[in-house]
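Each value in this text was obtained by applying a stated rule to the coordinates, not by laboratory testing. Computed from a predicted structure; not experimentally measured. Because the Cβ atoms are built from the backbone with ideal geometry, glycine has one as well, and the counts that use them run over all protein chains shown.
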Amino acid sequence: MADRKSDSGLPGTLVGRAAELAALTAHAEAARAGRSGLVILSGPAGIGKTSLLRAFLDSDACRTMTVLHGTCGEVVA
């Protein structure tokens, strides 16, 4: 994935997320084919969920799509 600026303004690189980006791209292709769905990105704080989502939204897979996304607070069990 190409370098991009993070919210801090510093350059950032998405590393080691090719499999996750491929899975998201497959979901986008399925949606284009009429098979809608829901994808949930979950994991510990700071693991890169937002960076992964932003890289996906900036990719060619989403070029002609409207993608809805939201956030939630930390879930404490």
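Counting charges near residue 42 (Lys, Arg +1; Asp, Glu -1) among other residues having Cβ under 15 Å from its Cβ returns a value of 0. Each peptide in 48-55, 24-31, 64-71 was scored by the mean count of other Cβ atoms within 10 Å over its residues; highest first, the order is 48-55, 24-31, 64-71.
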